[in-house]
Each structure stands twice: as structure tokens, then as C-alpha cells.
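Here is the structure we will look at.
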């Protein structure tokens, strides 16, 4: 009996191993510090802009090692981190706000490799360094906003239904109260509310007294919670895109929390500032019909409210919001050519433009204020500065709504879809405000309840330790297999080495992110990869002890061990799939590398080692096997 591997199986082995080795190759070259420039709204950059940027860097004494212009923007490569940071400062000071300048790491593989599409795998936060945030969405604020909207909707619905009311307001402890002028209209009011606003649960027990109470239904609150979470995730992703982070992680955790991981981020302070802020704008008319002094003395008109400029100067504004940040579709920071101060140019959507045109046209000569609104969250501390915690052990936070008037210019002419905001303190503030407005406002404020920063040095230490663990495990398995199974052990060792190459190749081809748990999955795979070979080799030895010929023992060993190998690996693969579906970030990373390792180890253990055994022993008469 002769064991023979047909040509088509050798072809399959070659088709898998050769591309696998090629796609794994870029991971040997590491990364270079770089800068990525993009259009502020993701637009492509021209060759003229490319030449301008190159010229500015050369003139500043920081020529890049290489510069590439493609549909993703401009990528600049430098020799050191110091050059990278100096170039970033130079570009931010030279370019206007129509560009996004982001620090990044660029693969150092030769261009002939990367041009074909072979790129290194991404490294996760724990390997590359960066920042991890756990954000909690303020759902109470989302409900509060919804109740404020329902106040306006109730007024409109009752006016259309010819129902006269004294007041409709939100109660301090939640819920809405409707006070009617005529208690006999209570039934009509209840019918209108149930028909027009099904999201409200109405309590008409005091209808005879002309008072109706309404609460948001549980279903409406759940929908609000879901919407706020999804909208916040979308807005946070947009903000991260503006920061230029590669392979960020933004995912939901539970009912009100969001995990944000930004691998490779070097300016963590700005990342925290941008993600945590809930900045928006509200445009209001200045109340010039009533006395500001009287309002400051406590006699505030019913439809107005006292606000303050940044320098604490008071101003009386009408409560009615003309339009808000929700109507803003674009914002760009620049320098005013006349005053030399920073400005933000705003572009409105169709609804905002129509409102802006009508209101400014009707109020030429009057003043219109731009109110900046931001929710801030701070941890309560005791007299010694230590955080005060609740019964659950979480720090107690206090929320503060910051409202300040940026500017209140006189309306000189009718405005349309574009206008400018002046009165900002610095160019950096103008840039951050423009970024927040472009990315979209958050549906509800978020609190950063956990923050972890992983420095590049710690990430490098993790890589070194993970690499060391893989090498130690790999070498020990190689030694054991070579000593115990001799020539067949060498077959298994070659298969094990190619198995590692294929795992790295698959991660690189799909641009998956390798994390520290993923490294653990690879280490586990190294041990599991030889299990199949151990089963096969022991079966061959058993056949030899039973008196079978070497060729028959090889054939029977591979054939009869196949079902056991498949059963063992499929059950592990099922467990890995379950971990991936129900686990979170780190567990998913472990499950991914484990799944890939199982599939590649089955290929190398079953197909490759049998082909090698047939190559060495199959074409000749053999009296004994080195096993």
C-alpha cells in the first residue's frame, strides 16, 4: 500500500499558504509616526493643497519622510514622534479650519506590499495605547426634554381643538399639568390628548376641577431611552471621525451606558473634552420691550428670562427659541477679515433657513442673541476633596447647565441659511465649537464615569509580554513534539508555524483588531493546534503496535482520527461563537482569534501534515516509521 497526495490537494495547500505568508508579511515592519489630513467634512484634497502642505513643512524645517495623497486625504510619515508633534503644531497654526489634522501611526511596510492591499492588523487599546471611556447617558434629562416638547405639542393640539386653558406646564417632579378655563371641557381635552398624543398617560381624576395630569407612558420612556442611546452613539461616532481615530470602538453597554475606546489617540485631553461635551446653540430674540433693570429686581416678564454674557453682563431674552443646533448642517471656524477675531460660520437646513429668513426679516433693527448651552457633570467631594459615594459605591455627581450668551448683534438685514457667530475667546474654542456643531448634538447629556489611559509604553510592554508568551509556548511545544514524535513531530512543528502565520494573515486581511485577550487566544491555539496531531500520531503508533505495516498505519491513523478531531474542534468552535455573540469587547477579541486558530489548525493538522508524511514516506517501501 502506498500513501499518495493528489496534485489538487497540493494546489489547495499552496493557494492557502502562499497568500497567507504574503498578507502576514506587513506585520514584521512595525509602524511609523504620521499625520493624516482630511477635509473637515470628509471631502477630498487637491494636488494644489498637497503641494501647499509639503511646502509649509519643508519651510518649517520638518520635511516628511514620505507624503501620499489619495481619496482618504493626505498621509505624512515622519522619522520620530518629536517631528510628528512639531509638524502637527505647525500645520494647525498654518491651515484653516477646513482641514482635520490627526496624529496617527502608519504601517512601515514597503509600498510594493501595501499597494497590493497587504496591511498589518490593527492593534487594540491595550496593545497600541490610547484612551478608554465609559459614558453614562442621563436618561432623566432625555425625559425632561421630551416633557418640554410635549408642553408645546399640547398647546398646539388644544388650540386646534378649540379648548381654552389657563396653563400647561411641566411639574418639578416630572409629568405635565393642564389647567382648563372651563372644567366642562375636561372630557374633550382627554379625547384630544389620547388621540393626538398617545405617548401620554392621562389622569383625569381631577377633571371636575378643571385639572388634568399626564405622564409619559412606560413604552414612550423605553422608546426615548433607546433613541437617546442610538442618537448619542451616532453623534459620538461623528465626533470621533472628526478626531481622525483609526478603528475606534463605540458600543452600547446595558440600557444607558456607552463604551468608547480610542486606540492610538495621543491628545487624550482633547478627546475627553470633545466626547463629554453636549454643546448646542439656541437662537433667541432680545426682549427690548421690557426693562432689564426691572427684571434684575425680580419683575421678570412672563415670556422672558435673564441670561448673562461671558463677562457676567446681564441681558433679557425672550424664552421662545427661534431655532437651535438641531437645524445646523455645517459649521466651520475661521478668522474674521475685518476684526481679526475668531468666528464660526454656520449653515442651516431648509427649516432653519426658512425660520431665520422670516424672523430676521420681521425684526430688522432689533437684536438677536446666540446662546451657548452645555451640560457639565462634576463629582461631589467632601471637605478633604475626596469623592462622596452612594450606597452602591458610585461617586455622586452633580449636573450643572451652563448657559451663556456668546453674542447679541443687531439684525442689519434679512438673513438666510448662512450666518456667523462672533465673540469667541480663541481660535481653538472656535474649532471645538464648530466640530461639535458639525458632528451633531447629543440627544441627552453623558457623564464620563470611568476613564483609563493606556500609554504607548504600556502598550509596547503588553506587546512584548504577549509576544514572549507566544514564543515560549511555541518553543516548548516544538521541543516536546520533536523529542517525542521525532520526524512526525517535525511535521507537526512546521504545521504549527504555518498555523501562526495563517492566523496573523487572516487578522490582517480582514483588518481585524488584535487585543491582549486576542493574544491569549493565539497562545491557547498554539497548545490546541497540536492536539489533532497528537491524536493522529498516537493512532499511528497504536496501529504499528498491532502489527500493521507503516503505510497502512499512516493511512488508518489519519482516517480514523479524523472524526474525533472534527468533533473536538467543532465543539470548541461553537463555544467561541457563543462567546463572540454574547461577550463584550475583550471577550470578542479572544473569541475571534480562537475561532480563526481552530479553523487554521484543522487545515494544517489534517491536510498539511498528511501531505508531508505522504511526501516523505508515501513513495517508497518503508520498514519502520520515526514516530
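What follows is calculated from the coordinates using simple rules that are stated; it is not laboratory data. None of these values were measured; they are calculated from a predicted model. Using ideal geometry, Cβ is built from the backbone for each residue, glycine included, and neighbour counts are taken over all protein chains shown.
Taking Cα atoms only, the orientation of helix 350-362 departs from the longest principal axis of the chain by about 20 degrees. Using the alpha-carbon atoms, what tilt in degrees (0 to 90, nearest 10) does helix 81-94 show relative to the longest principal axis of the chain? For 81-94 against the chain, the angle is about 30 degrees.
When you restrict to C-alpha pairs under 8 Å that are six or more residues apart and normalise by the size of region 139-220, the relative contact order lands at 25 percent. Could you state the number of Å between the C-alpha centres of region 341-375 and region 465-522? That distance is 62 Å.
Over the chain, the hull volume per residue, using the convex hull of the C-alpha atoms, is 241 Å³.
Residue order for 299, 9, fewest other beta carbons within 10 angstrom first, comes to 299, 9.
Packing order of peptides 48-56, 506-514, 175-183, highest average first: 506-514, 175-183, 48-56 (average count of other Cβ atoms within 10 Å over each peptide's residues). Remark: 233, 355, 598 ranked as 355, 233, 598, counting other beta-carbon atoms within 10 Å and listing the fewest first. Is region 139-220 rounded, prolate or oblate when judged by the Cα gyration tensor, a ≥ b ≥ c being the square roots of its eigenvalues, rounded requiring a/c under 1.5 and prolate requiring a/b larger than b/c? Prolate, since a/c reaches 1.5 and a/b exceeds b/c.
With semi-axes defined as the square roots of five times the eigenvalues of the C-alpha gyration tensor, the equivalent ellipsoid of region 449-542 measures 32, 14, 11 Å, largest first.
The DSSP beta bridges internal to the chain are antiparallel in roughly 95% of cases. Modelled label positions at residue 479 and residue 309, each set 7 Å beyond Cα in the direction of Cβ, lie 7.8 nm from each other. For region 588-627, the spherically averaged projection of the C-alpha convex hull amounts to 3.4 nm².
On a 0 to 90° scale, report how tilted helix 516-545 is relative to the longest principal axis of the chain, with both axes built from alpha carbons and the result rounded to the nearest 10. Roughly 20 degrees between the two axes. Averaging the sequence gap over all C-alpha pairs within less than 8 Å and six or more residues apart, then dividing by the number of residues, gives the chain a relative contact order of 17 percent. Extending 7 Å from Cα along the Cβ direction at residue 183 and again at residue 11 yields two label points whose distance is 9.2 nm. So for region 118-270, what percent of the C-alpha to C-alpha distances run longer than 20 Å? Every Cα pair in region 118-270 considered, those over 20 Å come to 60 percent.
Sorting 66, 549 by the number of Cβ atoms found within 10 Å of their own Cβ, with the fewest placed first, yields 66, 549. Helical runs assigned H by DSSP (4 residues or longer) give the chain a calculated mean residue ellipticity at 222 nm of -16000 deg cm²/dmol, each run adding -39500 (n - 2.57) before division by the residue total. From the square roots a ≥ b ≥ c of the eigenvalues of the alpha-carbon gyration tensor of region 295-339, which class results: rounded (a/c under 1.5), prolate (a/b over b/c), or oblate? It comes out oblate by the Cα gyration axes.
For region 70-159, the fraction of C-alpha pairs more than 17 angstrom apart is 73%. Each peptide in 195-205, 326-336 receives the mean, over its residues, of other Cβ atoms within 10 Å, and ordering these scores from highest gives 326-336, 195-205.
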